[in-house]
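Every read-out reported here was derived from the displayed coordinates using simple, explicitly stated rules and does not represent laboratory data. Note that the coordinates shown come from a computational prediction; the quantities given were computed from them, not determined experimentally. Neighbour counts run over all protein chains shown; Cβ positions are idealised from the backbone, glycine included.
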């Protein structure tokens, strides 16, 4: 109940009203969000394909990771900021979409973070043992497949939100 009150309060803030009523605020923020998503997803899928042993197999995994990490972290940070700004534009509608695409997207994002955490504290700690192998171990492949499935699902849920929201 308190969360509903918070969302209603957020919807009445000057920032939220500006995001909703401005001709350019929401389209500019959404454009940045989608372009950053595209960049992030490209690097994430390339990294996942390396985990699957299907791409960049002549490069050490640690080398690929070192090259991609700045883009992945930077892209993810921009996506979080722009996604939050978009949410602030109409928090009540986003949170209450029917079907609950927004909630599904948030759960999927948490699962993607959990996948990265499990990888980093599991097989990722042993990367020195398999770093230069063209075919990584099964656990690395599983992390790559899970990542691809989660990010495709996150994108699908994000697009579905736009179709579930009431027209402005």
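Identify which of 73, 102, 87 has the largest mean-square fluctuation in a Gaussian network model of the chain, with springs joining Cα atoms closer than 10 Å.
So, out of 73, 102, 87, the one fluctuating most is 73.
May I ask you to derive the relative contact order of the chain, considering only C-alpha pairs under 8 Å and at least 6 residues apart, and to give it as an integer percent?
It comes to 33 percent, rounded to a whole number.
Once the Cα atoms of helix 101-121 and of the chain are each reduced to a long axis, what angle between those two axes, in degrees from 0 to 90 to the nearest 10, is obtained?
Approximately 30 degrees, to the nearest 10.
Between the range 28-92 and the range 139-168, how far is it from one alpha carbon centroid to the other, in angstrom?
For the range 28-92 versus the range 139-168, the Cα centre distance is 13 Å.
Express in % the proportion of alpha carbon pairs of the chain at distances exceeding 25 Å.
40 percent
Between 138, 51, 109, find the one with the highest GNM mean-square fluctuation for the chain; connect C-alpha pairs within less than 10 Å.
Its mean-square fluctuation being the largest, the pick is 138.
Using helices alone, what [θ] at 222 nm do you get for the chain, with -39,500 (n - 2.57) per DSSP H run of 4 or more residues, divided over all residues and rounded to the nearest 500?
Taking each H run of at least 4 residues, the total per residue is -26000 deg cm²/dmol.
Cut-off is 10 Å between beta-carbons; in what order do 33, 5 appear when sorted fewest neighbours first?
5, 33
By count of other Cβ within 10 Å, fewest leading, how are 130, 151, 9, 2 ordered?
Lowest count first: 2, 9, 130, 151.
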